[in-house]
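All remarks here apply to the structure that follows.
Only the coordinates and a few stated rules stand behind these numbers; no lab work does. No experiment lies behind these values; they were computed from the predicted model shown. Methodologically, a virtual Cβ is constructed for each residue, glycine included, from the backbone with ideal geometry; neighbour enumeration extends over all protein chains shown.
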Amino acid sequence: MEEGELPWLLVNEIGGIRGILHSHVPFLKKHFHLITMKEFLENRKDIGKKVQAIYLWWHKPVINKELLQSLPNLKVIANSGVGMDHLDLKLVASFGVKMANAPRAVSSTTADTGMALLLASARRLVEVHNISVSPSVEKYCEADILGVKVTGATLGIIGMGSIGYKIALRAKAFEMNILYHNRTRRKVQEEQDVGATYCKKIDSLLQQADFVMLVVSLTPQTHKLIGKRELELMKPTATLINISRGAVVDQEALLVALQTGVIGAAALDVTSPEPLPRDHPLLKLKNVIITPHLGIKTNKATYMITEEAVENILAALNGLPLPSEVLPS
Amino acid sequence: MEGQELPYVLIDSIGERYGVYVDHLGFLKKRFHLITMKEYLENKTFLSKKIRAIYMWYHRPAINEELLQSLPNLKVVASSGVGIDHLDLKLISSYGVKVSNTPFAVSTDTADMGMALLLASARRLVEGHEMAVSPDTEYFPADWLGVEVSGATLGILGMGTIGYKVAERAKAFEMKILYHNRNQRKKEEESAVGAVYCKKIDDLLQQSDFVLLAVTLTPQTHKLIGKRELELMKPTATLINISRGLVVDQDALVEALQNKVIKAAALDVTYPEPLPRDHPLLKLKNVIITPHVGSATKKTRWVMMEEMAESIEAGLAGLPVPREVLP
């Protein structure tokens with residue numbers, strides 16, 4: 001590499017359906033020579049040697065053995081967002097490549113998404129908005145569109161990491177009674193600051209919560225964490241909110257539970273797959289809100305994610321500790 | 001009147017669109033002899049002298065001079081909710097009739113609704129849901145974004161009970177809070193929510209990412225937000241209304257939204273309610289409208305009903321009326 005040349009950064013695409021946002025490109029170009037997958041595939045041999053970093057945007061490009069083998073000087077892969085379930089961490093590490101995610105940028109925004117879904121579901125916002133804007137006069141009784149009171153209700157948070165904790169902070173302001181279940185218990189002071197009670201057994205949380213919020217990472221242990229058994233433990237008036245990953249829920253079991261009144265409602269920012277097939281029964285249920293993986297989809301958060309990714313990449317290329325390195329467990 | 005007879009209370013209807021809830025009947029019938037407007041009109045001569053209270057649910061039955069004149073023994077009007085702009089308090093008082101509302105019962109639900117609308121608008125929740133369930137959707141585009149709530153500036157117009165509860169909630173979202181009110185709140189109250197007083201409404205409008213209306217409707221707040229105020233707002237700002245439709249110059253709002261003078265609006269209240277089906281507000285993608293459901297939860301509506309019953313009973317017994325509204 002010539003003196004003064006910027007390091008080469010591989011991205012999937014710029015713009016388009018899933019590409020790097022145009023508004024982020026000037027910032028990236030300040031630090032890197034950007035190469036798209038299309039450009040790389042046109043000249044694998046020459047470009048492959050130059051690429052030192054990859055910036056994954058919405059899980060693309062797909063990282064497999066073949067790609068890793070064609071990038072002999074790859075040092076680091078930075079992921080947009082916090083979830084790493086789409087990556088084979090051990091495989092990447094075996095090539096001596098470091099990995100980083102962007103936890104700081106996502107936590108507040110994702111917590112906001114969780115609260116937005118909780119409130120929208122409780123107050124039947126989508127349903128009553130549709131009544132308000134319907135081109136025909138809707139005949140309904142006021143008694144039939146009543147929602148559920150959020151203030152003072154019980155929220156059960158499953159997964160009390162950074163995002164889960166920020167949800168607890170928000171829920172506390174709504175005077176909610178907060179229960180949580182986590183791999184490890186939080187410090188007493190942290191629990192007291194949000195008035196959260198630890199439920200060692202998930203069953204205890206499920207039986208008491210009016211709102212169950214899933215904020216776990218997707219791992220082999222959390223795959224189908226919420227299935228038929230867990231749904232049946234929930235109150236028939238309870239709402240399930242998922243802002244983690246679709247695969248954390250047994251989707252077929254959820255469908256049955258919603259159709260048969262085993263639980264009251266669901267609000268899903270994530271599903272398996274995304275989007276769901278257009279004929280999927282979940283799309284038609286009145287008591288279900290589905291959102292298109294809103295998670296971190298704000299101008300500010302997405303920009304912060306790119307900033308965090310660049311920070312990690314530059315640290316790796318300069319042999320410094322990464323601010324948010326992710327190691328294979 | 002026989003010793004054991006329950007007091008006659010006039011209501012709009014039972015179980016219909018705006019009627020007394022069927023679930024509430026058991027409680028009410030233990031205390032009152034309920035007379036619907038239909039029954040009253042069919043037997044005015046007998047019933048007009050018997051009716052001693054009116055149970056106003058969703059502002060019905062409407063109270064005018066004619067009705068007041070025909071109910072010589074009317075003592076109390078219990079109105080659901082906190083707003084009393086639909087009542088001519090001076091007129092009612094001139095007939096020696098007391099009025100009560102339910103101000104605190106509605107406060108948390110209404111504050112919750114304000115936050116629900118703010119978040120739904122900012123994050124494009126309704127649009128997003130439509131995309132997620134639309135038969136035409138093939139993928140979710142990566143450049144489809146909303147605006148950040150955490151760390152944004154919220155300007156609250158009207159810092160009464162409801163406005164303050166909105167501030168408490170917004171603080172937890174790390175929002176910067178500005179407020180404008182007839183009177184400045186105590187320092188401790190301001191510090192508790194980190195709210196900064198804006199003596200001039202213009203200052204609040206110019207700095208806010210979200211402007212939330214939580215005022216009472218009075219002659220002073222009628223069309224409080226008009227063309228001038230909308231133009232002072234940021235072009236990236238959202239207007240949220242949980243007060244009364246008439247607090248906003250609705251035509252000016254339509255224009256402002258169509259011309260991108262402001263970014264979006266989320267309205268739980270309009271004028272009238274509901275809007276005519278051909279109204280431009282219904283078609284704007286950047287507008288969320290809900291049918292005045294600020295206090296519409298099962299729990300709260302039950303509490304409101306109980307409070308109204310309590311106010312009526314006290315009024316009829318000649319005792320101080322809880323939650324009395326003076327002219």
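Under 13 Å between alpha carbons, and skipping anything fewer than 8 positions from B:Lys285 in its own chain: which aspartates and glutamates qualify?
The qualifying aspartates and glutamates are B:Glu127, B:Glu130.
Stretch B:Asp23-B:Asn286 to full length: gain in nm at 0.36 nm per residue minus the Cα-Cα span?
Full extension of this stretch gives 91.0 nm more.
Can I get the semi-axes of the range B:106-289's equivalent ellipsoid? Compute them from the C-alpha gyration tensor as square roots of 5 times the eigenvalues, in angstrom, largest first.
27, 20, 15
What value, in deg cm²/dmol to 500, does the helix sum -39500 (n - 2.57) over DSSP H runs of n ≥ 4 give at 222 nm once divided by the residues of chain A?
Dividing the helical sum by the residues of chain A leaves -10500 deg cm²/dmol.
In cubic angstrom, how much convex hull volume per residue do the alpha carbon atoms of chain B span?
Per residue, the Cα convex hull of chain B comes to 161 Å³.
How shielded is B:170-177 by partner chains, expressed as the average number of their Cβ atoms within 10 Å of its Cβ atoms?
4
Please compute P(r) over all alpha-carbon pairs of the range A:93-148, binned at 5 Å starting from zero, and give each bin as a whole-number percent.
It works out to 4, 14, 15, 13, 10, 9, 8, 7, 5, 5, 4, 3, 2, in whole percents.
Which GluC sites (Glu not before Pro) in the range A:112-171 pass both tests, a DSSP loop state and at most 16 other beta-carbon atoms within 10 Å?
A:Glu138
For the protein assembly as shown, with only Lys/Arg (+1) and Asp/Glu (-1) charged at the beta-carbon, what is the dipole magnitude about the Cα centre, in debye rounded to 20?
Magnitude of the dipole: close to 720 debye.
Which order results if A:Arg185, B:Arg301 are arranged by neighbouring Cβ count within 10 Å, fewest first?
So the residues, fewest neighbours to most, are A:Arg185, B:Arg301.
Most mobile of A:Ile47, A:Ile131, A:Ile14 per a Gaussian network model of chain A (Cα springs, under 10 Å)?
Among A:Ile47, A:Ile131, A:Ile14, the largest GNM mean-square fluctuation belongs to A:Ile131.
As a quick test, which of the pairs A:Lys300/B:Lys171; A:Lys98/A:Lys300; A:Lys50/A:Lys98; A:Lys166/B:Lys260; A:Lys30/A:Lys98 have an alpha carbon distance above 24 angstrom in this structure?
A:Lys98/A:Lys300; A:Lys166/B:Lys260
Quantify how much of the Cα-Cα distance distribution of the protein assembly as shown extends past 46 Å, in percent.
It works out to 25 percent of all Cα pairs.
Can you tell me the equivalent ellipsoid semi-axes for the range A:106-290? Use √(5λ) from the Cα gyration tensor, largest first, whole Å.
Equivalent ellipsoid of the range A:106-290: 27, 19, 15 Å, largest first.
Apply 1/(1 + (r/R0)^6) to the Cβ-Cβ distance of A:Arg183 and B:Asn259, taking R0 = 51 Å, and write down the FRET efficiency to the nearest 0.05.
0.45
Which entries in the list A:Lys139/B:Lys283; B:Lys38/B:Lys165; A:Lys139/B:Lys165; A:Lys187/A:Lys224; A:Lys297/B:Lys186 go over 30 Å, if you measure between the two C-alpha atoms of each?
In this structure, B:Lys38/B:Lys165; A:Lys139/B:Lys165; A:Lys297/B:Lys186 lie more than 30 Å apart at Cα.
Using the number of other C-beta atoms within 10 angstrom as an exposure proxy, rank B:Cys198, A:Cys141 with the fewest first.
A:Cys141, B:Cys198
How many percent of DSSP beta bridges within the range A:1-70 run antiparallel, rounded to 5?
Around 10 percent of the beta bridges assigned by DSSP in the range A:1-70 are antiparallel ones.
Name the helices (complete DSSP H segments) of chain B with a Cα length along the long axis of 20 Å or more and a Kyte-Doolittle mean of at least 0.0, or state none.
B:107-122
Given the options B:Ser191, B:Ser243, B:Ser311, state which has the largest fluctuation in a GNM of chain B using a 10 Å cut-off (strictly under) for Cα springs.
B:Ser191
In the structure displayed, which of A:Lys60/A:Lys284; A:Lys172/B:Lys298; A:Lys90/A:Lys201 lie more than 24 Å apart, Cα to Cα?
A:Lys60/A:Lys284; A:Lys90/A:Lys201
Rounded to a whole number of µm²/s, how large is the Stokes-Einstein D of chain A at 25 °C and 0.890 mPa s, given Rh as the Kirkwood radius over C-alpha pairs?
Once the numbers are plugged in, D ends up at 114 µm²/s.
Straight-line reach only, C-alpha to C-alpha below 20 angstrom: list the lysines that A:Lys45 could link to, leaving out same-chain residues fewer than 8 apart.
Within reach: A:Lys65, A:Lys75.
Just to verify a number: FRET efficiency for B:Gln206 and A:Asn299, C-beta to C-beta distance, R0 = 25 Å, to 0.05?
Approximately 0.75, to the nearest 0.05.
With both bridge residues required to lie in the protein assembly as shown, what share of the DSSP beta bridges run antiparallel, to the nearest 5%?
Antiparallel: roughly 5 percent of the beta bridges in the protein assembly as shown.
Kindly provide the Kirkwood hydrodynamic radius of the range A:2-79 in Å, to one decimal, from all pairs of distinct alpha carbon atoms.
12.6 Å
Can you pull the one-decimal nm distance between simple spin-label points at A:Thr219 and A:Glu42, each 7 Å off the Cα toward Cβ?
4.3 nm
Could you please rank A:Ser162, B:Ser121, placing first whichever residue has the fewest other Cβ atoms within 10 Å of its Cβ?
So the ranking, lowest neighbour count to highest, is A:Ser162, B:Ser121.
Just to be sure I understand the model, the point goes 7 Å from the Cα along the line to the Cβ. What's the resulting A:Phe95 to B:Glu188 distance in nm?
Reported label-point gap for A:Phe95 and B:Glu188 is 6.2 nm.
Beta carbons within 10 angstrom, averaged per residue: use that to sort the peptides B:154-166, B:225-237, highest first.
Peptide ranking by packing, descending: B:154-166, B:225-237.
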